[in-house]
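Report on one structure; see the data block that follows.
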Amino acid sequence: MIHHTMGVYNNGDRKHNGVSSENLASHIWYNQTMRFGRALFVDGFCLNRGYLTPERVKVIEDELQANPIKMPKDTAPYA
């Protein structure tokens, strides 16, 4: 399975990745450890809000759940 992950910076920049199930745990760990200020959304849900406010997280979650993004392949190396 390919998961859609999206990193969101406080300035609004977004980075999308397709991540295979086998790489997902390490991708999440890396983002929470090395990019702790960037919010991380996986398949429409926020796993780490970084510097985003809870209100911004809710808006983005609602957007992603209303319009899910399907990634056709693993995009390693990840942005």
Response to the item:
Expected single match for among the aliphatic types (A, V, I, L, M), surrounded by fewer than 17 Cβ atoms within 10 Å (Cβ to Cβ) and in contact (Cβ under 8 Å) with a residue 24 or more places away in the chain among 76, 66 is 76
Worksheet item: If you take the residues in the stretch 37-52 that are in a loop (DSSP other than H, G, I, E, B) and under 12 Å from the mean Cα position of the chain (by Cα), which one is surrounded by the most Cβ atoms within 10 Å (Cβ to Cβ)?
Response: 38
Item to complete: Filter the stretch 1-27 down to the residues that are of a type outside the set (S, T, N, Q) and assigned to a loop (DSSP other than H, G, I, E, B), then identify the one that is farthest from residue 61 (Cα to Cα).
Response: 1
Worksheet item: Looking at the stretch 27-40, is at least one residue under 14 Å from residue 74 (Cα atoms) and either in contact with an Asp or Glu (Cβ under 9 Å, 6 or more places away or on another chain) or of a type in the set (Ser, Thr, Tyr) (or both)?
Response: no
Worksheet item: In the stretch 4-26, how many residues are within 18 Å of residue 70 (Cβ to Cβ) and either free of Cβ contacts under 8 Å to residues at least 24 places away in the same chain or surrounded by fewer than 19 Cβ atoms within 10 Å (Cβ to Cβ) (or both)?
Response: 9
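No value in this document is a laboratory result; all are computed from the given coordinates. Just so we're clear, the structure is a prediction, and the values are computed from it rather than from any experiment. For neighbour counting, all protein chains shown are included, and Cβ atoms are generated from backbone atoms with ideal geometry for every residue, glycine included.
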